[in-house]
Each structure stands twice: as structure tokens, then as C-alpha cells.
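J.: First the structure, then my questions, so here it is.
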């Protein structure tokens with residue numbers, strides 16, 4: 001790990017300790033773990049974030065993406081397909097991590113993997 005990743009993990013852990021019921025804190029920890037390729041742990045944090053805030057589309061998308069790596073693939077597909085009723089368009093390019101929110105008039109974009 002590099003110094004930035006170490007610092008990010010420390011800050012995410014502090015956020016979780018001070019606000020264990022914060023969806024944002026769990027999502028942030030998931031992001032740190034994902035960047036460290038600790039996919040199973042990241043999925044657990046994204047699931048905790050979703051349990052606290054069902055509207056975190058990014059957490060659901062990341063669960064789907066990471067389950068492609070750790071399996072089962074059916075779980076990955078269920079997570080990704082569940083984004084469609086939320087107004088999200090899945091990327092047409094399978095290598096793309098971009099997701100478009102089509103339900104808003106301005107068509108917001110998220111490029112976080």
C-alpha cells in the first residue's frame with residue numbers, strides 16, 4: 001500500500017468509528033477496500049451502506065461489478081439488472097465503468113468504478 005491508500009483507510013475507519021450508522025462512511029470504506037482489491041470486504045461495506053440508504057446507486061453498481069470478480073455471477077447480474085428500474089442505463093461497452101442516470105432531465109453521469 002502507498003501512503004495515500006494508508007491515509008484513506010485510516011480516515012474511512014475513523015469515520016466508521018465515529019458514525020457507524022453512516023451510509024457514506026460504509027460506502028467510503030468500500031471504496032478504499034475496492035482500490036486495495038479486497039473485493040469481498042468491499043462488497044460487505046457496500047451492502048452495509050445500502051442497508052442504511054437504499055438509494056445509493058453507486059454502492060449497488062459496485063456490488064454488481066465486484067461480484068463479477070468474486071462470484072457468483074448470478075448475484076452480479078441480479079445487482080446490475082436491479083439498477084434498471086432505478087433509472088440507470090447500463091454501459092453498452094463492457095469495459096466501461098460509466099453509468100448514466102436517465103431519470104433526471106440533465107442526465108447526470110457517474111464515472112466511479
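J.: Is there a residue being in a loop (DSSP other than H, G, I, E, B), modelled with pLDDT of 85 or more and either surrounded by 15 or more Cβ atoms within 10 Å (Cβ to Cβ) or in contact with a strand residue (DSSP E or B) (Cβ under 9 Å, 6 or more places away or on another chain) (or both) anywhere in the stretch 46-59? It would help to see each step written out before you state the result.
T.: Applying the first criterion (in a loop (DSSP other than H, G, I, E, B)) to the stretch 46-59 yields 53-56.
Narrowing the set further to residues that are modelled with pLDDT of 85 or more leaves 53-56.
Remaining after also requiring either surrounded by 15 or more Cβ atoms within 10 Å (Cβ to Cβ) or in contact with a strand residue (DSSP E or B) (Cβ under 9 Å, 6 or more places away or on another chain) (or both): 56.
Yes, there is a match, as at least one residue in the stretch 46-59 is in a loop (DSSP other than H, G, I, E, B), modelled with pLDDT of 85 or more and either surrounded by 15 or more Cβ atoms within 10 Å (Cβ to Cβ) or in contact with a strand residue (DSSP E or B) (Cβ under 9 Å, 6 or more places away or on another chain) (or both).
J.: Give just the number: which of (1) in a loop (DSSP other than H, G, I, E, B); (2) at pLDDT 80 or above does residue 97 not satisfy?
T.: (2)
J.: Could you run through the stretch 11-45 and say how many residues are part of a helix (DSSP H, G or I), over 14 Å from the mean Cα position of the chain (by Cα) and loosely packed, with under 15 Cβ neighbours inside 10 Å? Please lay out each step first, then the result.
T.: Step one: list which residues in the stretch 11-45 are part of a helix (DSSP H, G or I), which gives 11-18, 23-35, 39-45.
Going one step further and asking which of them are over 14 Å from the mean Cα position of the chain (by Cα), we end up with 11-18.
Next, from what is left, pick out any that are loosely packed, with under 15 Cβ neighbours inside 10 Å: 11, 13-14, 17-18.
Of the residues in that region, 5 qualify.
J.: Then there's this: Within the stretch 25-48, how many residues turn out to be under 14 Å from residue 67 (Cβ atoms) and touching a residue at least 60 places away in the same chain (Cβ under 8 Å)?
T.: Total meeting the criteria: 1.
The values are calculated or read from the model by the stated rules, or taken from the named source; none is laboratory data. Worth saying up front: this structure is predicted, and the values here are computed from it rather than measured. Don't worry about glycine lacking a Cβ; one is built from the backbone with ideal geometry, like all the others, and counts go over all protein chains shown.
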